[in-house]
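Step one of this worksheet: look at the structure below.
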Amino acid sequence: MKSPVGNAMMYSELLIDDIENLQSEHKDAADDLDHLKHYCRNIHLSSSKLINTIQSWGFAYQIEDGIYEASEDRVHVKKLLEQTISGNEIFIRGKSLNVNLEYESDVNTVKRDEELITLVLDNLVTLFLSIAGNKKTIDIRVSDDNGKLLFLFFPPETAFRSNLIEAFSGEQTISNNMVPEQGILKPGGYALLFVNTALRFLGADHGVDQESGATPSFWFRLPLS
């Protein structure tokens with residue numbers, strides 16, 4: 001599945017290059033060509049999301065089967081969060097959303113599996129963007145918490161549905177989310193089910209806060225090493 005999607009990404013990149021060349025040659029048509037460039041960038045971003053989904057589920061099955069081999073990378077957390085947000089700029093602008101990042105820790109790097117953390121952040125941000133209504137705000141805060149990094153996501157109210165909360169914070173496994181007769185996953189909460197699996201593998205406790213008087217949030221605490 002990754003090969004045909006990768007081809008879509010490659011050809012969208014080539015189209016963007018061609019469009020930019022046409023814009024430099026035909027200044028009078030530059031604005032009209034911007035629409036085509038926007039469509040190509042959307043195709044590229046959407047294709048990358050599908051590849052991330054495929055990669056996420058490949059890793060999830062490996063983790064559950066006990067065969068995933070973690071790497072120990074020096075992960076630049078703030079930079080990775082900033083890249084995740086900027087990489088979704090087309091979706092953010094398209095819905096006139098505000099995504100605010102507050103990084104309140106002096107710890108900039110952690111020694112963990114960078115690919116897993118990248119997919120965890122991208123799955124969370126992508127999901128919250130996709131279910132947010134137009135002109136909504138998503139706040140992300142990172143702070144120190146007893147030798148761990150605490151990640152707080154304050155998504156729109158639509159995120160706090162019972163099935164999504166359970167997928168993120170419950171005692172979930174892939175096997176108990178299968179439809180036995182069909183051999184496929186039950187619908188709903190795929191991104192959060194992967195995130196749940198990955199965070200447990202990374203040793204990060206996680207949950208959803210909905211206490212009275214507190215701003216509802218999805219959170220996880222990532223060990224520094």
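The single condition from (1) modelled with pLDDT of 85 or more; (2) surrounded by 14 or more Cβ atoms within 10 Å (Cβ to Cβ); (3) under 27 Å from residue 174 (Cα atoms) that residue 67 fails is (2).
Restricting 125, 75 to those that are in contact with a helix residue (DSSP H, G or I) (Cβ under 6 Å, 6 or more places away or on another chain), surrounded by 16 or more Cβ atoms within 10 Å (Cβ to Cβ) and part of a strand (DSSP E or B) reduces the list to 75.
If the condition is being over 27 Å from residue 46 (Cβ atoms), among the charged types (D, E, K, R) and in contact with a Leu (Cβ under 8 Å, 6 or more places away or on another chain), then the range 123-150 contributes 141, 144, 148. Is the range 204-212 home to any residue that is among the small types (Gly, Ala, Ser), touching a Ser or Thr at 6+ places or on another chain (Cβ under 6 Å) and either part of a helix (DSSP H, G or I) or at pLDDT 70 or above (or both)? Checked the range 204-212: at least one residue is among the small types (Gly, Ala, Ser), touching a Ser or Thr at 6+ places or on another chain (Cβ under 6 Å) and either part of a helix (DSSP H, G or I) or at pLDDT 70 or above (or both).
Would you check which residues across the range 25-34 are surrounded by 10 or more Cβ atoms within 10 Å (Cβ to Cβ) and assigned to a helix (DSSP H, G or I) and list them? Step through it out loud before you land on a result.
Let us first name the residues in the range 25-34 that are surrounded by 10 or more Cβ atoms within 10 Å (Cβ to Cβ), namely 26, 29-30, 32-34.
Answer for the range 25-34, where residues must be surrounded by 10 or more Cβ atoms within 10 Å (Cβ to Cβ) and assigned to a helix (DSSP H, G or I): 29, 30, 32, 33, 34.
For the range 79-109, the candidate set comprises residues that are in a strand (DSSP E or B) and hydroxyl-bearing (Ser, Thr, Tyr); within that set, the residue that is nearest to residue 128 (Cα to Cα) is 103. Residue count for the range 134-147 under the criterion of being closer than 16 Å to residue 205 by Cα and either surrounded by fewer than 18 Cβ atoms within 10 Å (Cβ to Cβ) or free of Cβ contacts under 8 Å to residues at least 60 places away in the same chain (or both): the result is 5.
Might you check whether a residue that is in contact with a Leu (Cβ under 7 Å, 6 or more places away or on another chain), touching a residue at least 60 places away in the same chain (Cβ under 8 Å) and surrounded by fewer than 16 Cβ atoms within 10 Å (Cβ to Cβ) occurs anywhere in the range 152-161? No; the residues of the range 152-161 include none that is in contact with a Leu (Cβ under 7 Å, 6 or more places away or on another chain), touching a residue at least 60 places away in the same chain (Cβ under 8 Å) and surrounded by fewer than 16 Cβ atoms within 10 Å (Cβ to Cβ). On the stretch given as the range 128-149, residues that are outside any loop (DSSP other than H, G, I, E, B), polar (S, T, N, Q) and farther than 12 Å from residue 222 by Cα total 2. Find all pairs meeting these conditions: Cβ atoms under 7 angstrom apart; at least six residues apart or on different chains; first residue within the range 47-76 and closer than 20 Å to residue 7 by Cα and without any contact (Cβ under 8 Å) to a residue 40 or more places away in the chain; second residue surrounded by 14 or more Cβ atoms within 10 Å (Cβ to Cβ) and not charged (D, E, K, R). So the pair list comes out as 48/9. Restricting attention to the range 43-72, the residues being more than 16 Å from the chain's Cα centre (by Cα) and not in a loop (DSSP other than H, G, I, E, B) number 6. As for the range 96-109, it holds at least one residue that is surrounded by 12 or more Cβ atoms within 10 Å (Cβ to Cβ), more than 30 Å from residue 146 (Cβ to Cβ), free of Cβ contacts under 8 Å to residues at least 60 places away in the same chain and hydrophobic (A, V, I, L, M, F, W, C).
Report yes if residue 51 is over 30 Å from residue 224 (Cα atoms), out of contact with any Asp or Glu (no Cβ under 9 Å at 6 or more places or on another chain) and not polar (S, T, N, Q), otherwise no. No: the conditions fail for residue 51.
The values are calculated or read from the model by the stated rules, or taken from the named source; none is laboratory data. In this text the structure is predicted, and so the values were computed from the model without any measurement. Reconstructed Cβ throughout: ideal geometry from the backbone, glycine too, with neighbour counts over all protein chains shown.
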